[in-house]
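To start, the structure under review is shown below, and the notes come after it.
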Amino acid sequence: MTDKGFTDKVKGKAKETLGKATDDSSLKAEGVVDQVVGKTKDVASNVKDVAEELADKAKDAIDSKSNK
């Protein structure tokens with residue numbers, strides 16, 4: 001099971017917060033990047049799910065027309 005970027009988003013938020021608290025701009029930037037990576041994984045996973053659903057519907061439509 002995939003976490004769809006959740007781990008990256010949480011890790012990134014923690015780094016960003018720690019970077020802000022310690023005035024470490026590099027760590028803060030790493031955190032922002034990690035969050036973007038996590039969001040990208042999340043979006044990519046959603047796109048994949050929708051594409052698979054559409055492919056299944058198309059296959060079902062073709063199969064139903066072939067059976068007539």
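General observations
- Positions within the stretch 1-43 being among the β-branched types (Val, Ile, Thr) and in a helix (DSSP H, G or I), in sequence order: Thr7, Val10, Thr17, Thr22, Val32, Val33, Val36, Val37, Thr40, Val43
- As a summary of the residue check, Phe6 satisfies the conditions (1) in contact with a helix residue (DSSP H, G or I) (Cβ under 6 Å, 6 or more places away or on another chain); (2) open to solvent by 70 Å² or more (accessible area, probe 1.4 Å); (3) among the hydrophobic types (A, V, I, L, M, F, W, C) except for the one numbered (1).
- Among the residues making up the stretch 25-36, those that are open to solvent by less than 60 Å² (accessible area, probe 1.4 Å) and either more than 21 Å from Lys4 (Cα to Cα) or of a type outside the set (S, T, N, Q) (or both) are Leu27, Ala29, Gly31, Asp34.
- The listed residues are Ala58, Ala21, and the only one of them that is open to solvent by less than 80 Å² (accessible area, probe 1.4 Å) and out of contact with any Gly (no Cβ under 8 Å at 6 or more places or on another chain) turns out to be Ala58.
- Verdict on Ser25 being hydroxyl-bearing (Ser, Thr, Tyr), touching a helix residue (DSSP H, G or I) at 6+ places or on another chain (Cβ under 7 Å) and without any contact (Cβ under 8 Å) to a residue 24 or more places away in the chain: yes
The values are calculated or read from the model by the stated rules, or taken from the named source; none is laboratory data. None of the values given here were measured: they were computed from a predicted structure. Every residue, glycine as well, gets a Cβ built from its backbone with ideal geometry; the counts of neighbours run over all protein chains shown. These area figures cover heavy atoms from the full protein model, side chains too; ligands, DNA and RNA do not enter into them. Shrake-Rupley method; radii C 1.70, N 1.55, O 1.52, S 1.80 Å.
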